Amino acid sequence: MLVRRRRTWHTVWRPGPLPASRTSRRSSTGSHRSPPAPPRSAARQPPEGPAAGDRAPDCDGLRHDLTTFPSRLFDLLRGPDHTLLLYADDEAQLAPYDEVVASARRGAHGQLSVWVVAAPHLRTDGLALPFVHDSLDAFRKMYGARGGEGFLIRPDGYLGLRDAPVSAPRLRARLALTFRT
């Protein structure tokens with residue numbers, strides 16, 4: 001109800017519950033574009049580090065080959081797309097990544113950035129995917145990463161999937177929940 005008092009309009013609220021349009025507004029205007037993480041199962045529970053549905057922690061000490069200063073993980077996560085982080089601590093783990101990434105990019109309709117996080121000692125000569133070296137071993141410790149593991153991080157900064165070893169069908173199934181065809 002509006003009441004006029006000396007050249008200004010004031011709103012007077014009556015006691016009682018708010019209209020439905022006011023109470024449900026917050027829940028309907030969420031900024032999350034992707035569905036919640038799958039439920040945790042005891043069989044697939046990672047030994048340490050964040051699980052699917054947890055906030056992705058930041059870490060530093062990630063080095064590019066062409067830079068002399070380290071980067072932070074959150075620098076790699078900037079942008080509106082999902083980010084797929086593939087951890088490798090052995091050269092043999094790099095071979096299937098091209099197929100996994102091609103499948104994931106098709107599933108995300110191109111809205112996916114990909115980074116290989118390589119162990120400090122790993123040689124990445126000839127790798128076609130963008131990569132950083134975990135020079136301080138901070139990523140492995142913070143995430144509890146094992147060789148061949150993949151982390152899908154949503155644009156809102158939460159882990160959408162943690163898969164060890166990363167599998168193209170499981171990754172595509174997860175992306176299909178967000179990116180409808």
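Of the solvent-accessible surface of the stretch 59-181, computed with a 1.4 Å probe and all protein chains present, 54% belongs to carbon and sulfur.
In the stretch 51-181, taking the dipole from charged Cβ atoms about the Cα centre, the farthest positive-side position among 67, 79, 97 is held by 79. Note on the stretch 98-141 and the stretch 148-181: Cα centroid distance 14 Å, given to the nearest whole angstrom. Using the Cα gyration tensor of the stretch 102-181, with a ≥ b ≥ c the square roots of its eigenvalues, what is the shape: rounded (a/c below 1.5), prolate (a/b larger than b/c) or oblate (neither)? The shape class here is prolate.
In a fully extended conformation the segment linking residue 127 and residue 102 would gain 7.6 nm over its present Cα-Cα distance, using 0.36 nm per residue.
Once the piece of chain linking residue 54 and residue 95 is laid out straight, how much longer is it, given 0.36 nm per residue of separation minus the C-alpha distance between them?
Working: separation 41, 0.36 × 41 = 14.76 nm, distance 2.87 nm.
This chain segment gains 11.9 nm when fully extended.
Heavy atoms of the protein chains alone define the surface here; on that basis the stretch 80-164 has 39 Å² accessible area per residue at 1.4 Å probe size. For a test of the definition: using alpha carbon positions, the gyration tensor, and the 1.5 limit on a/c, classify the stretch 102-147 as rounded, prolate or oblate. Note, shape of the stretch 102-147 comes out oblate.
Using 1/(1 + (r/R0)^6) with R0 = 35 angstrom and r between the beta carbons of residue 69 and residue 167, what's the FRET efficiency to the nearest 0.05?
Values: r = 35 Å, r/R0 = 0.99.
E(calc), rounded to 0.05, equals 0.50.
The values are calculated or read from the model by the stated rules, or taken from the named source; none is laboratory data. These numbers were taken from a predicted model, which means no experiment stands behind them. Heads up, the Cβs are rebuilt from the backbone with ideal geometry, glycines too, and the neighbour counts pull from every protein chain shown. For the accessible areas, the whole protein counts, side chains as well, though only heavy atoms, and no ligand, DNA or RNA atoms are used. Shrake-Rupley method; radii C 1.70, N 1.55, O 1.52, S 1.80 Å.
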